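Enquirer: I am attaching a structure below and will ask some questions about it afterwards.
Readers should treat all values here as calculations from the given coordinates under stated rules, not as data from a laboratory. Computed from a prediction, not measured in an experiment: that's the story for all the values here. All Cβ positions, even for glycine, are placed from backbone atoms using ideal geometry, and neighbour counts span all protein chains on display.
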Ligand SMILES: Cc1cc2nc3c(=O)[nH]c(=O)nc-3n(C[C@H](O)[C@H](O)[C@H](O)COP(=O)(O)OP(=O)(O)OC[C@H]3O[C@@H](n4cnc5c(N)ncnc54)[C@H](O)[C@@H]3O)c2cc1C
Ligand code: SF4
């Protein structure tokens, strides 16, 4: 049986950071990276730009073969983990073969969650998570005249924008009352929605697809209120679910994701998990949350790698902070932190209708920043995140901070953690 | 690139010198986007006159967060320059890098809609010369590390210097730079004492080395150089001598060789005493210092008198050498490697024309009594207090300071860093501080005269 000291499953952000962290401390220990994807590592986040044609599919790779060869990492592409046998420290692969490991990292990320709507399995639809998904969708949008996007999260919105720009008539159907729920508030969502409708898209929020059937051009969707929509291109972007089927029947504890400690260790001592498949502590609550975003995947991946290599420089995970950036029709939106207003806390907003600039900041009762959102108002998200993580008292500068968050953020940075 | 991976140049900021004028930002924006709009500068001065000014600028991190969060492989650490390169063709404007960086080192340029960051203008940053107060400097010391790493160390490994010895560091650097076409003369002192001239018929040096007397180093080396010239072989004739061997008994031959303008490079490793033979005082030992022949205590002085260290001031040998009008004379310190290498290069070139003299201050952990890991700190404090001044001289340009210290620390900052001055009385300290001021005025005067 093949043997390896470190086995890393997945080849995306969390996995790649873990590999780097392991090699920083242990340049020699045998390291094997497996991924079920046939391609070199790439980021799911870049895929909307492959769909639009802006990024060439062969220009998005995050690492090349040489990188792995130089670090002495064995890369196995197109190789899926089927089952993890922790009782004998073995990973069973799709082809039935096994790899024995000393330590394993599960960084298998997430896949599109397909809602259980009657008829969905009878029609052709697209999803967007892998490079192959993106190249298929890129070919399809060129021929699409009427497209429907199910789900108005960031994945759906990105794809919808591409479809609009490619000339299709696009309808976005979203169950929730607003789009980009969870990241942006109603005002910000309104600005985003307006940009879409100005460009000819139709947005149906608070709408649920209850039935699908195939039609002459593709699919016929029936909504809860009885209206029907026809689509020659259907994209399902209703959320993600972690990839952890290989844990079926295993001792590794999992809930909505794989449960991990603040060093990314699972309930089994030599098994770690990081990224979109992991469920780790949140920054605002000790409860374990899913925080399926790229920056957190890299952070968790690094911590897991350091823990696996027993790097004494390891620092514990401070807890996940939601973060996002979103570019739409030449405008941008940034969200850092929680949208929840803490008890006794304060929300301050500022909106300039003419320029479309919107800022919202949320403070705790003792004047710590807990969340900040901007549309067309640039600030350094990384600096804001530190203000939150370090719980910096903003009482002396609050007024100025709201007027010029970028400037004041930089001032505090340069005096506090430079 | 050096054996241990690369070192890189960097833009350094001295907050104490910045008055917030913003000239660097104007220069950056002009260089990068063609307009002087400071909001579009990649270097951002933040803060206020009351609170002090600080900097938001890409640090070109070794372990860059922006690179790890970029989904488009648009950011990469350039292993040759150390700069984080941004590739506009790959960037998809997602702004995730601005969330990854905790230092505001990469930000949105509203003028283009893309992110922008410092690229050090390909090694000639526009902001640095634009600062009217010298608050910004472009530190290029990494060149030494990267180049020197590939040069051959011409001493055997495992020389028996004391732990933390500055002299060993200095001689290894010097020979790396002068290279294999060197003939080395090294009179009695720490340099041969630690084994460079060898044991039992084997040598500790990978170039021809000889061990003249304390008294005749410069004379012997001059003869050796002439013989090489006669047979038509180009070599660098190098002496590495201690301060005792140069300023005391070796002085007459040194002065003679300088007067005859012999084509040699004479380096003095000034550890301010005869450290190799048991830490006796030399004419370079400073006032007040303890040595084994200038002891401290009741009844340790001559005739059983109480004694408080050396009672005479040090001889300023490099200034005496200036008065020989040598091809090149300079003082240097291992705490200022860039300056030292610059002077080494000039001294090597000058030694092809005539006499070159380099005087390097070399703190001695054993004889000066400080912890073995404090060498650089002691060397730096000597310069920061003006106890030691870094300058150079050549007949055409005269004398000038290479690292002027505008705002010197009180000399006590230097004195308290080591044990040999521990016993000093207030009077002795004020004598030393007075000498520092006097020496500075004296060298300044010479610099002034030279200019006129
Ligand atoms: C279209 C789109 C846009 C996005 N935009 C943003 C954004 O703007 N900002 C943001 O923060 N995040 C965004 N995300 C989310 C972000 O991409 C993820 O959070 C991030 O990729 C998570 O990284 P990961 O390493 O945990 O997992 P993933 O990137 O999901 O990678 C999982 C890896 O595991 C492999 N794998 C899975 N199962 C197996 C198995 N059984 N055996 C072997 N290998 C397996 C996969 O092949 C893949 O290599 C976006 C995602 C998508 C799809
Ligand atoms: S804005 Fe450009 S450089 Fe920055 S993370 Fe996105 S793709 Fe990379």
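Enquirer: Across the residues of B:39-45, average count of Cβ atoms on other protein chains within 10 Å?
Expert: Details: counts 1, 0, 0, 0, 0, 4, 2.
Across the residues of B:39-45, the mean count of other-chain Cβ atoms within 10 Å is 1.
Enquirer: Treat the range A:330-417 as a sphere of radius equal to its Kirkwood radius over Cα pairs and apply Stokes-Einstein at 10 °C in a medium of 1.306 mPa s; give the translational diffusion coefficient in µm²/s, rounded to a whole number. Present the calculation step by step, with values, prior to reporting the outcome.
Expert: Details: Rh = 13.0 Å.
Answer from the Stokes-Einstein relation: 123 µm²/s.
Enquirer: Looking at the P(r) of the range B:10-143, how many percent of alpha-carbon pairs lie beyond 27 Å?
Expert: Details: 1497 of 8911 pairs.
Considering the range B:10-143, 17 percent of its Cα-Cα pairs are separated by more than 27 Å.
Enquirer: Oh, and also: Looking at the calculated P(r) for chain A, what percent of the C-alpha pair distances fall above 35 Å?
Expert: Numbers: 29892 of 87153 pairs.
In whole percent, the long-distance tail amounts to 34.
Enquirer: How large is the Kirkwood hydrodynamic radius of the range B:286-359, in angstrom, based on all distinct alpha carbon pairs? Walk me through the numbers on the way to the answer.
Expert: Details: mean 1/r = 0.0675 Å⁻¹.
For the range B:286-359, inverting the mean 1/r across all distinct Cα pairs yields 14.8 Å.
Enquirer: Mean separation of Cα pairs under 8 Å and 6+ residues apart, divided by the residue count of the range A:113-237: what relative contact order is that in percent?
Expert: Details: 232 pairs, mean separation 43.0, N = 125.
Reported relative contact order: 34 percent.
Enquirer: Starting with the highest mean, order B:154-166, A:360-372, B:308-320 by the number of other Cβ atoms within 10 Å, averaged over the residues of each peptide.
Expert: Details: B:154-166: 16.9, A:360-372: 20.7, B:308-320: 18.5.
Averaged packing, sorted descending, gives the order A:360-372, B:308-320, B:154-166.
Enquirer: What's the extension gain from residue B:293 to residue B:345 if we count 0.36 nm per residue and subtract their Cα-Cα distance? Intermediate results must be reported in sequence, preceding the final value.
Expert: Numbers: separation 52, 0.36 × 52 = 18.72 nm, distance 3.72 nm.
Answer, rounded to one decimal: 15.0 nm.
Enquirer: Using every alpha carbon pair in the range B:367-422, what percent of pairs falls into each 5 Å bin from 0 up to the bin containing the largest distance?
Expert: Each 5 Å bin holds this share of Cα pairs: 4, 19, 24, 19, 13, 12, 6, 3, 1.
Enquirer: Helix B:426-451: angle to the longest alpha-carbon principal axis of chain B, degrees 0 to 90, nearest 10?
Expert: Tilt relative to chain B: about 70 degrees.
Enquirer: Separate question: I need the Kirkwood Rh of the range A:1-114: take the reciprocal of the average 1/r across all distinct C-alpha pairs and report it in angstrom. Walk me through the intermediate numbers first.
Expert: Numbers: mean 1/r = 0.0672 Å⁻¹.
When all Cα pairs of the range A:1-114 are included, the Kirkwood radius is 14.9 Å.
Enquirer: Still on this structure, I have one more. What fraction of the DSSP beta bridges in chain B is antiparallel, stated in percent and rounded to the nearest 5?
Expert: Working: 28 of 51 bridges.
Percentage antiparallel, nearest 5: 55.
Enquirer: Among bridges DSSP assigns within the protein assembly as shown, what percent are antiparallel (round to 5)?
Expert: Values: 76 of 133 bridges.
For the protein assembly as shown, the DSSP antiparallel bridge percentage is about 55.
Enquirer: Label points 7 Å out from Cα along the Cβ direction at residue B:427 and residue B:312: separation in nm?
Expert: It works out to 2.1 nm between the two label points.
Enquirer: Moving on to the next point. I'd like the FRET efficiency for residue A:245 and residue B:114, computed as 1/(1 + (r/R0)^6) with the beta carbon distance as r and R0 of 35 Å, rounded to 0.05. Provide the component values of the computation, followed by the final result.
Expert: Details: r = 40 Å, r/R0 = 1.15.
Rounded to the nearest 0.05, the efficiency is 0.30.
Enquirer: As an exercise, use a Förster radius of 35 Å and the Cβ-Cβ distance of residue B:437 and residue B:373 to find the FRET efficiency, rounded to the nearest 0.05. If you can, show how the numbers build up before the last one.
Expert: Details: r = 31 Å, r/R0 = 0.88.
Calculated transfer efficiency: 0.70.
Enquirer: Over chain B, calculate the relative contact order: mean separation of alpha carbon pairs under 8 Å at least 6 apart, over the residue count, as a percent.
Expert: Working: 889 pairs, mean separation 47.6, N = 452.
Relative contact order here is 11 percent.
Enquirer: Oh, and also: For the range B:208-251 and the range A:263-281, write down the distance between their C-alpha centroids in whole Å.
Expert: 68 Å
Enquirer: For residue B:259 and residue B:226, what does the FRET efficiency come to when R0 = 22 Å and r is the distance between their Cβ atoms, rounded to the nearest 0.05?
Expert: On the way: r = 16 Å, r/R0 = 0.71.
Once the sixth-power term is evaluated, E becomes 0.90.
Enquirer: Counting each DSSP H run of 4 or more residues in the protein assembly as shown as -39500 (n - 2.57), what helix-only mean residue ellipticity at 222 nm follows after dividing by all residues, to the nearest 500 deg cm²/dmol? Working shown, then result.
Expert: Numbers: 25 runs with 241 residues, N = 870.
Value at 222 nm, helices only, nearest 500: -8000 deg cm²/dmol.
Enquirer: Please work out the Cα center distance from the range B:124-139 to the range A:309-374, rounded to the nearest Å.
Expert: 35 Å
Enquirer: Further question: For the range B:176-289, how big is Rg over Rh, using alpha carbon atoms and the Kirkwood form of Rh?
Expert: Details: Rg = 14.2 Å, Rh = 14.5 Å.
Using Cα coordinates only, the ratio equals 0.98.
Enquirer: Rounded to the nearest 10 degrees, what's the angle between the helix B:217-230 long axis and the longest principal axis of chain B, both from Cα atoms, 0 to 90?
Expert: With rounding to tens, the tilt is 70 degrees.
Enquirer: Just tell me how shielded A:408-414 is by partners: mean number of partner chain Cβ atoms within 10 Å of each residue's Cβ, no decimals.
Expert: Working: counts 1, 3, 10, 7, 2, 7, 14.
For this peptide, the per-residue mean of nearby foreign Cβ atoms is 6.
Enquirer: Stretch residue A:217-residue A:145 to full length: gain in nm at 0.36 nm per residue minus the Cα-Cα span?
Expert: On the way: separation 72, 0.36 × 72 = 25.92 nm, distance 0.99 nm.
Working it through step by step, the gained length comes to 24.9 nm.
Enquirer: Taking the Cα-to-Cβ direction at residue B:48 and at residue A:261 and moving 7 Å from each Cα, how far apart do the two end points lie in nm?
Expert: 4.8 nm
Enquirer: Could you compute how fast the range A:113-237 diffuses translationally, taking Rh as the Kirkwood radius over C-alpha pairs and applying Stokes-Einstein at 4 °C with viscosity 1.567 mPa s? Give it in µm² per second. Intermediate results must be reported in sequence, preceding the final value.
Expert: Numbers: Rh = 14.4 Å.
It diffuses with D of about 90 µm²/s by this estimate.
Enquirer: Would you mind computing, in nm to one decimal, how far apart the modelled labels at residue B:137 and residue A:88 are, each placed 7 Å from Cα along Cα→Cβ?
Expert: For the pair residue B:137/residue A:88, the computed spacing is 6.5 nm.
Enquirer: Another question, if that's okay. Of the beta bridges DSSP finds with both residues in chain A, what % are antiparallel, to the nearest 5?
Expert: Details: 48 of 82 bridges.
Taking every DSSP beta bridge with both residues in chain A, the antiparallel ones total about 60 percent.
Enquirer: Tell me, what are the semi-axes, in whole angstrom and largest first, of the equivalent ellipsoid of the range A:53-118 as set by the roots of 5 times the Cα gyration tensor eigenvalues? Before the final figure, lay out each step's value.
Expert: Numbers: eigenvalues 137, 114, 20 Å².
Working through the eigenvalues yields semi-axes of 26, 24, 10 Å.
Enquirer: For A:9-16, what's the mean count of beta carbons from other chains sitting within 10 Å of each residue's beta carbon?
Expert: Details: counts 0, 0, 0, 1, 3, 0, 0, 1.
For this peptide, the per-residue mean of nearby foreign Cβ atoms is 1.
Enquirer: Report the far tail of the P(r) of the protein assembly as shown, meaning the percent of Cα-Cα pairs longer than 37 Å. Display every interim value, and only then the final one.
Expert: Numbers: 219914 of 378015 pairs.
Result: 58 percent of Cα pairs exceed 37 Å.
Enquirer: When you count, for each residue, the other Cβ atoms within 10 Å and take the mean per peptide, how do B:329-337, A:288-296, A:51-59 rank with the highest first? Show your work: numbers first, answer last.
Expert: Details: B:329-337: 24.7, A:288-296: 22.6, A:51-59: 17.3.
Packing order, densest peptide first, comes out as B:329-337, A:288-296, A:51-59.
Enquirer: Given N residues in the range A:212-305, what is Rg(Cα) / (2.2 N^0.38 Å)? Each step should come with its number before you reach the end.
Expert: Details: Rg = 19.0 Å, N = 94, 2.2 N^0.38 = 12.4 Å.
Here the Cα radius of gyration is 1.54 times the empirical estimate.
Enquirer: From Cα pairs below 8 angstrom and at least 6 apart in sequence, can you work out the relative contact order of the range B:331-452, rounded to a whole percent? Can you show the working numbers first?
Expert: Numbers: 133 pairs, mean separation 28.5, N = 122.
RCO, the range B:331-452: 23 percent.
Enquirer: Where does the Debye-calculated log10 I(q)/I(0) of the range B:152-451 sit at q = 0.09 Å⁻¹, using only Cα point scatterers of equal weight, no solvent?
Expert: Relative scattering, expressed as log10 I(q)/I(0), comes to -0.42.
Enquirer: Okay, next question. Would you please put A:39-48, A:121-130, A:301-310 in order of how densely packed they are, using the mean number of other Cβ atoms within 10 angstrom per residue and starting with the highest? All intermediate terms of the calculation are to be shown ahead of the outcome.
Expert: Values: A:39-48: 23.2, A:121-130: 16.5, A:301-310: 26.0.
My ranking of the peptides, most packed first, is A:301-310, A:39-48, A:121-130.
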